[in-house]
Amino acid sequence: MLLAPATDLTLAQLADVAVEQRAFDIAESLRQARRLLAQMGGGQPDQQTPDAELLAPAMPEPAIQALMQAQSGAELLGVVEAHPSLLRPEADSLLAARVNEALDEGHDRLASALEERREALAELRAARAAEPPSPDQQGPTLEEAIEALLIADGEEAMVEVIDLYPVLLEEVAAQALWQFASEARAGGDEDLARYAIECREMLRRVREELGE
């Protein structure tokens, strides 16, 4: 039973909860358990457990340094353009962990600065997710709709995205999300693949509630 895919999903979710509760040792132990189970199950550790490498590829140190140097909204936009990984959902969790580490070490001013920029990124992420297509466009593409859904932060933001992109409630969107998840899994991003499937199931439930 421990080698079942559902177990890996449960361990990943528990690791996320541990990070949110600042139990970093427990989170790392859970990630090690995922790596071990992936090896025992015959999977490829480098493709099955991207969590252990999340800090480096998702938000490299230069991105954090540039973020800390931003002093205005315009500068923040420039940093995001140079480091788009800052708008990924994982970046919010990583910045939260940095805030907690700074507090634990007694660096209150650093923690405050990090939290301020984390909140600014969250607002920018939500604004971009809810941004309507420009007038000169004939209409949003399915790819744009899926991207907006995947970067939406929270249930309210997702509802806004669905309102803006009703194509997400069509069967073609479900097929596209399934393909997206397959490509993400093939590229070694198991977390992104899992999240795409979760979004697909959420859209299915919405369609059912609407009587489709």
- Criterion violated by A58 - all others in (1) modelled with pLDDT of 70 or more; (2) under 21 Å from the mean Cα position of the chain (by Cα) satisfied: (1)
- Hits in the range 164-201 - residues which are loosely packed, with under 15 Cβ neighbours inside 10 Å and either charged (D, E, K, R) or in a helix (DSSP H, G or I) (or both): P166, E171, V172, Q175, W178, Q179, S182, E183, A186, E198, E201
- Task: List every residue pair whose Cβ atoms sit under 9 Å apart, with the two residues 6 or more apart in sequence or on different chains, where the first one lies in the range 170-198 and is under 16 Å from L11 (Cα atoms) and the second, anywhere, is basic (K, R).
- Result: L192/R88; L192/R185; A193/R185; R194/R185
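The values are calculated or read from the model by the stated rules, or taken from the named source; none is laboratory data. Quantities reported herein were computed from a predicted structural model and do not represent experimental measurements. With ideal geometry, Cβ positions are generated from the backbone for all residues, glycine too; neighbour counts draw on all protein chains shown.
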